[in-house]
Amino acid sequence: MLDKRFILDNPDLVQENCNHRGIKVDVARFVQLELDRRQLQLDVEDLSRQANVVSKSIAQAKDEAGREARKVEGRNLRDLKEQKQVEMERLAAEANVIHHSMPNLSHPEAPVGGEDASKELRHGEIDIRPFPFPVLDHVDLAEQHSLIDFEGGARIAGHGFYFLKNEAALLELAIQQFAVELLIREGFTPMITPDLARGDILKGTGYIPRGPETQIYSIESSDLNLVATAEITLGGLYAGQVIDADELPIRLCGISHCFRTEAGAAGRASRGLYRVHQFTKIEMFAFTLPEQSEDMLNYFRELECELFDRMGIPYRVLDIATGDLGGPAYRKFDLEAWMPGRGTGGEYGEVTSASNCTDYQSRRLDIRYKVKGEKGTHLVHTLNGTAIAVSRALIAILENCQQADGSILVPEVLRRWVGKDRIGGNG
RNA sequence: GGUCGGGUGGCCGAGUGGUUUAAGGCACCGGUCUUGAAAACCGGCGUACACGGAAGUGUACCGGGGGUUCGAAUCCCUCCCCGACCGCCA
């Protein structure tokens, strides 16, 4: 959420930003509602004050008749207050709907426009290598080497679920180890988080459970939901807390399963592992001082690059355009890995995403910091970034590392955990 | 799952309907004293929102929500969480 005072002071700027983001918001309406609400709040508070004075006077009243008269007066004041308050809450509710629909402000350098306006910043260290042989996609490669059982997954849980088998199962563990090891070395605290969370926590992070088009699986007869990312649990971990400024920045590395219904995704390219209902993800999350968040976002992006460079995967880095930032992000960088088996002749596919949410998430989650010796508290900035989403990484690895003889070379950095250099062939 | 006990400020902790304006302590900040520090002493010290140029003032907040009352940390209902013990169990 945005700061209400900021919206009132800068309605034109906020409206323009909403337009750039491609989100329909009536900022003027919000401003009017909020101003009216404040007037009512004054009335309510004044009536409360009068009623409190009356209440206190009752204890000191001399005779029973005086007390009774005061009680009636108190009742009337409270009734009046109640009426005003109901009206105030009605306005607040309407203003709140608009407020919640407002996206975060946008970084001045973020490209303005729709999805196509996103700007390619650079490529990874590894060039796309030529494939002087017929390229297979990861589904065919997995079939050939008995790595993934999509039919089995569909049988027990439906389309979008799968079993990882043999080296694919080992690769899943290897990828996790590789990413977590690097992040620990960088000073992140490794966290295996709950895979379920309460509705409040999801809403605080910006996810909407149980709606008609929800991306979230919910547990029946319970407030619990399967998480779509560790961002939900890691952000929620500090909800309602005041953090000592000395402790910032806090950097966490979340290891969790991610569950997504992918409602409304029917028809989109979804062959194989690309769009699945469950996958494992290693997530970076940070709470920072406001002046630290820009550097932290760049740091997240560079770590993502390092991980994919070291796995030998070609990729490009995108500076995401305003129209594609979603609600909470102030700026967002995506890594798209080259997937030779995608489309005809290969395509880039999103593998990571790093966002600086500034104070947009922390305002809703109420995560503050306090500077020693200073009065009051301030909102922290939150950032999240994919270190590695295992399912998408598997696609990139299998497809980029396939050899002319049909075997798949295991990236060197993963061999320690996979226990072999090569899948298939004579490895 | 069962029984019992709990949830009060950054932390600990008192408080069973009205001078409670939430006692007291710790921590923290300022000061006195001191060569310096500690100790001692004095003072300050919650958050949010609103109003105000400011000083400041008002309202709300004692796990969440609802109720009773002129008035609720306190009484009632409900939900959540924590702890102890019992049962079951990887």
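The values are calculated or read from the model by the stated rules, or taken from the named source; none is laboratory data. Because the structure is predicted, anything quoted here is derived from the model rather than measured. Note that we place each Cβ from the backbone using ideal geometry, even for glycine, and neighbour counts take in every protein chain shown. Just so you know, the surface numbers come from the protein's heavy atoms only, side chains and all, with ligands and any DNA or RNA stripped out. Shrake-Rupley method; radii C 1.70, N 1.55, O 1.52, S 1.80 Å.
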| message | Filter region A:172-211 down to the residues that are more than 16 Å from RNA strand B (Cβ to nearest atom), open to solvent by 10 Å² or more (accessible area, probe 1.4 Å) and among the aliphatic types (A, V, I, L, M) and list them by number. | response | A:173, A:180, A:184, A:191, A:208
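Just one of A:294, A:374, A:306 is of a type in the set (D, E, K, R) and assigned to a loop (DSSP other than H, G, I, E, B); which is it?
Sole residue among the options that is of a type in the set (D, E, K, R) and assigned to a loop (DSSP other than H, G, I, E, B): A:374.
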| field | Those residues of region A:55-97 which are over 52 Å from the mean Cα position of the chain (by Cα), among the aliphatic types (A, V, I, L, M) and more than 8 Å from RNA strand B (Cβ to nearest atom), in sequence order | value | A:61, A:65, A:69
| helices (runs of 4 or more DSSP H) contained in region A:132-214 and holding at least 2 residues assigned by TED's automatic domain parsing to the domain that holds residue A:366 and more than 26 Å from the chain's Cα centre (by Cα) | A:138-145, A:150-157, A:166-185
| query | What number of residues in region A:276-297 are open to solvent by less than 50 Å² (accessible area, probe 1.4 Å) and within 28 Å of residue A:342 (Cβ to Cβ)? | reply | 9
| message | Give me the residue from region A:118-156 that is in contact with a strand residue (DSSP E or B) (Cβ under 6 Å, 6 or more places away or on another chain) and among the basic types (Lys, Arg) and, out of that set, least open to solvent (accessible area, probe 1.4 Å). | response | A:122
| field | Sole exception among (1) assigned by TED's automatic domain parsing to the domain that holds residue A:312; (2) over 29 Å from the mean Cα position of the chain (by Cα) for residue A:52, by number | value | (1)
| How many of the residues in region A:1-30 are away from RNA strand B (no atom under 12 Å from the Cβ), buried (at least 16 other Cβ atoms within 10 Å of the Cβ) and assigned to a helix (DSSP H, G or I)? | 8
| modelled with pLDDT under 95, over 24 Å from residue A:124 (Cα atoms) and in the same structural domain as residue A:389 (by TED's automatic domain parsing) - does that describe any residue in region A:291-305? | yes
| Any chance region A:376-395 includes a residue that's buried (at least 24 other Cβ atoms within 10 Å of the Cβ), farther than 24 Å from residue A:111 by Cβ and in contact with a Pro (Cβ under 7 Å, 6 or more places away or on another chain)? | no
| note | Within region A:395-421, of all residues that are out of contact with any Phe, Trp or Tyr (no Cβ under 9 Å at 6 or more places or on another chain) and assigned to a helix (DSSP H, G or I), the one nearest to residue A:136 (Cα to Cα) is A:398
| Residue within region A:103-117 that is of a type outside the set (D, E, K, R), part of a helix (DSSP H, G or I) and open to solvent by less than 60 Å² (accessible area, probe 1.4 Å) present | yes
| Near pairs, Cβ below 6 angstrom, 6+ apart or cross-chain, from region A:354-371 (farther than 17 Å from residue A:327 by Cβ) to any residue that is assigned to a helix (DSSP H, G or I) and among the small types (Gly, Ala, Ser) | A:369/A:245; A:371/A:245
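Could you list, in sequence order, all residues of region A:31-46 that are in contact with a helix residue (DSSP H, G or I) (Cβ under 7 Å, 6 or more places away or on another chain) and open to solvent by 20 Å² or more (accessible area, probe 1.4 Å)?
Matches in region A:31-46: A:31, A:36, A:37, A:40, A:41, A:43.
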| If you check residue A:348 against the conditions, is it surrounded by fewer than 22 Cβ atoms within 10 Å (Cβ to Cβ) and either farther than 19 Å from residue A:204 by Cα or away from RNA strand B (no atom under 11 Å from the Cβ) (or both)? | yes
